[in-house]
Amino acid sequence: MRIIVAGAGGQLGRELVEILSADDVHAFDHRALDIADEASVLSTIGQLRPNWIINAAAFNDVDGAEAAERAAFRANAEGPANLARAAASIDAALIHVSTDYVFDGRKGSAYTEDDVPNPLSVYGRSKYEGERRVLESKARVCVLRTAWLYGRHGKNFVKAIRAAAGEGRPLKVVADQVGSPTAVADFAQAIARLMQTPARGLFHVVNAGACSREEFARAIVRGAVQVLPITSAQAGRAAPRPENSSLISARWSALGLRPLRPWQAALDAFLDGET
């Protein structure tokens, strides 16, 4: 298959390029392809004529988006719409990656694909708008919501906690935000499997289970340092976060695809250098 990966410089994009290396992969980071530039997107996709386009590009600075709304919507809404338009023009299929932050976290339990989004932040609103535009396009699309990604490449929570723990001092970590930690390697493998199916539509794809940020940090440090719980208010971040944005999928298994392993097993494998 000929595949275009947009956002190939990020942690997910880099993982995808490696996993899909047996195919004809064309990797574009932001400098090579700004997905918010409609003319550039249409030209690039029209020339390469891929079978699949995977959008791993995004404005992912959740706090920074509060002061950069225009930039967030260009990357997270206009960009995906451009990719969907280009995909439709050559009958390519599009996989667009979204986030648990499209939910407000007030449900009190895990969200399925049938729950109605209500984002709290600029970042969440921009990502939800991107979903809407892609799903309403004429392209053959899959929108995949995932959460709390971490892996070998780029910046992520696991790397930040390990680096902070290396200083030997107690860590203060938010205890009132619950989500679904997901290994990038597992998510990328899931995308590769999805591409072998005729699936279309919206799916939640995360490692099974849920935990708080504090619980996640405790699992990461493995007792090396003390982890102290704090509230979101005490953390003082610019963007509001959902209290419980954990995800489960009501649709993944219906495709005949196996659910991702529990988040604890995925994290242990990552920490032990197995992935």
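Go through region 204-263 and count every residue that is among the aromatic types (Phe, Trp, Tyr) and at pLDDT 95 or above.
Of the residues in that region, 2 qualify.
Could you tell me how many of the residues in region 204-236 are in contact (Cβ under 8 Å) with a residue 40 or more places away in the chain, surrounded by fewer than 18 Cβ atoms within 10 Å (Cβ to Cβ) and part of a loop (DSSP other than H, G, I, E, B)?
Selection size over region 204-236: 5.
For residues in region 237-275 being of a type in the set (Ser, Thr, Tyr) and assigned to a loop (DSSP other than H, G, I, E, B), which is nearest to residue 150 (Cα to Cα)?
Filtering region 237-275 for residues of a type in the set (Ser, Thr, Tyr) gives 245-246, 249, 253, 275.
Subset that is assigned to a loop (DSSP other than H, G, I, E, B): 245-246, 249, 275.
Working: 245: 17, 246: 16, 249: 20, 275: 11 Å.
Residue satisfying both the conditions and the ranking: 275.
Name the one entry in 129, 136, 113, 167 that is in contact with a His (Cβ under 8 Å, 6 or more places away or on another chain) and either among the aliphatic types (A, V, I, L, M) or over 22 Å from residue 17 (Cβ atoms) (or both). Don't jump to the end; show me each part of the working.
Numbers: 129 fails: in contact with a His (Cβ under 8 Å, 6 or more places away or on another chain); 136 fails: in contact with a His (Cβ under 8 Å, 6 or more places away or on another chain); 167 fails: in contact with a His (Cβ under 8 Å, 6 or more places away or on another chain).
Testing whether each residue is in contact with a His (Cβ under 8 Å, 6 or more places away or on another chain) and either among the aliphatic types (A, V, I, L, M) or over 22 Å from residue 17 (Cβ atoms) (or both) leaves just 113.
Taking residue 126 as meeting all but one of (1) more than 29 Å from residue 50 (Cα to Cα); (2) of a type outside the set (A, V, I, L, M, F, W, C); (3) surrounded by 19 or more Cβ atoms within 10 Å (Cβ to Cβ), write down the number of the exception.
Of the numbered conditions (1) more than 29 Å from residue 50 (Cα to Cα); (2) of a type outside the set (A, V, I, L, M, F, W, C); (3) surrounded by 19 or more Cβ atoms within 10 Å (Cβ to Cβ), the odd one out for residue 126 is (1).
Name the residues in region 123-177 that are β-branched (Val, Ile, Thr) and either outside any helix (DSSP H, G or I) or under 22 Å from residue 66 (Cα atoms) (or both), would you? Before the answer, list the steps.
Kept after step one, since they are β-branched (Val, Ile, Thr), are these residues of region 123-177: 134, 141, 143, 146, 158, 161, 173-174.
If the condition is that a residue be β-branched (Val, Ile, Thr) and either outside any helix (DSSP H, G or I) or under 22 Å from residue 66 (Cα atoms) (or both), then 141, 143, 146, 173, 174 are the ones that fit.
Would you pick out the residues in region 97-118 that are crowded, with 20+ Cβ neighbours inside 10 Å and within 28 Å of residue 4 (Cβ to Cβ)?
Correct list: 97, 98, 99, 100, 101, 102.
The values are calculated or read from the model by the stated rules, or taken from the named source; none is laboratory data. These figures come from a predicted structure and were not determined experimentally. Counting neighbours? That spans all protein chains shown, and the Cβs are built from the backbone with ideal geometry, glycine included.
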